[in-house]
1. Less than 15 Å Cβ to Cβ from Asn71, Lys/Arg counted +1 and Asp/Glu -1: what total charge do the surrounding residues give?
2. Ranking request for peptides 70-76, 127-133: highest mean number of other beta-carbon atoms within 10 Å first, then the rest in descending order.
3. About its Cα centre, how strong a charge dipole does the stretch 1-99 have in debye, to the nearest 20, once Lys and Arg get +1 and Asp and Glu get -1 at the Cβ?
4. Which pairs, out of Lys47/Lys139; Lys105/Lys184; Lys184/Lys229; Lys87/Lys144; Lys87/Lys187; Lys75/Lys184, put more than 27 Å between their alpha-carbon atoms?
5. Using each residue's phi in the stretch 48-55, evaluate 6.51 cos²θ - 1.76 cosθ + 1.60 at θ = phi - 60° and report the 3J(HN,Hα) Karplus result to the nearest Hz, with x for Gly and Pro.
6. Magnitude of the Cβ-charge dipole of the stretch 78-202, K/R +1 and D/E -1, about the Cα centre, nearest 20 debye?
7. Want the number for Lys168 to Gln52: 0.36 nm per residue separation, take away the alpha-carbon distance, what's left?
8. Which value, in Å² rounded to 10, gives the accessible area of Glu85 with a 1.4 Å probe and all protein chains present?
Amino acid sequence: MERSIQRDFDGMPSVTIDEPRTTRTPAGLTFVVGAANMPVSKYLSIKNVLLQMDHVVVRLFVNVARPIRNNHRTKADNIHRMFQELKTEYRVERYNIVGHSIGGKIALLVAALHNQDHSLRAIVALDPCDQSPTEFTNKTQGAKNLDLMSSDVDISLTHTGSGFFIKKEHSAEVIHRFNRSKFKLVKHYGAAHMAYCDEEEGKMSWKGLMDMVEKVNDDKDPEKDKFAKKDALELISVKCNSNMAQKATRKLKKGTKGVMKEVTGIFNDIEDDAKGISKSFTTKMAAANFMSKLK
């Protein structure tokens, strides 16, 4: 049966790990990195989708107050180090990250700075914001952005265009603009920045407060929120499903083998035809030589 446990890692106390029901080796391992100071309980829908795929789910609470310096980069480094410890325990070779808001930016930092071993397979960044500090969307002359174009990670971004605290010049859309040929951008215009979080009935939550502020500043459509969340869950189920990726690779290899077999067959036919022509020509020459001697 499924179980949730709390573990302390160096630099990341009270990490929530959800284990799938399967008694076999898990199909994968995925980190869920939340928005700034957003409780991990707000991402139960994402957790459940991943557990249904037999993934181990590692949910991280993002405390933006600690550490005070290099907060986002420190958390990105922590994720990579946690995987080095967990991969042996759960017998998995690669992992995924689903990140929301600043959690999406932290996921991109892992791809840019901590994937020399190519163990990070896919990222789904839900409405990421590249702020405090800016790492991927610097436009100032002489400023450098971290490199994502050379990354081999399968990266997908969603973009709502909302979030009263997110500057448009550092939104998912601009991150995509700097890496246009690399990323998939899914647009959820009209949805709230917190649309990807779960509600808590009868409670005034951080998400609820953020939604109230967004509705005052921007007239958001609840139906668009529902669609954005549903679409995001489908995107996660596709991008984080390593079994689908393996099947696609096997299918491609099978198709390639079929083409090679067909090409080899064509060359064999050509060779047989050439041998037949050569044999026929040799026979005709021998006959002509024999006739000339009779004369």
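1. Numbers: positive: Arg66, Arg69, Arg73, Lys75, Lys105; negative: Asp77, Asp130, Glu135.
Around Asn71, the charge tally is +2.
2. Values: 70-76: 19.0, 127-133: 21.9.
Ranking the peptides 70-76, 127-133 by packing returns 127-133, 70-76.
3. Working: 15 positive and 10 negative charges, 45 e Å.
The dipole magnitude comes to about 220 debye.
4. Working: Lys47/Lys139 36 Å; Lys105/Lys184 15 Å; Lys184/Lys229 17 Å; Lys87/Lys144 33 Å; Lys87/Lys187 33 Å; Lys75/Lys184 24 Å.
Listed pairs above 27 Å: Lys47/Lys139; Lys87/Lys144; Lys87/Lys187.
5. Listing the rounded values in order: 5, 4, 6, 5, 5, 8, 6, 9 Hz.
6. Working: 15 positive and 16 negative charges, 124 e Å.
For this selection, approximately 600 debye.
7. Numbers: separation 116, 0.36 × 116 = 41.76 nm, distance 3.52 nm.
Gain on stretching Lys168 to Gln52: 38.2 nm.
8. 100
The values are calculated or read from the model by the stated rules, or taken from the named source; none is laboratory data. Computed from a predicted model, the values in this text were never measured in an experiment. FYI the Cβ positions are ideal-geometry reconstructions off the backbone, even for glycines, and counts take in every protein chain you see. Remember, those area values only see protein heavy atoms, side chains included, never the ligands or the DNA or RNA. Shrake-Rupley method; radii C 1.70, N 1.55, O 1.52, S 1.80 Å.
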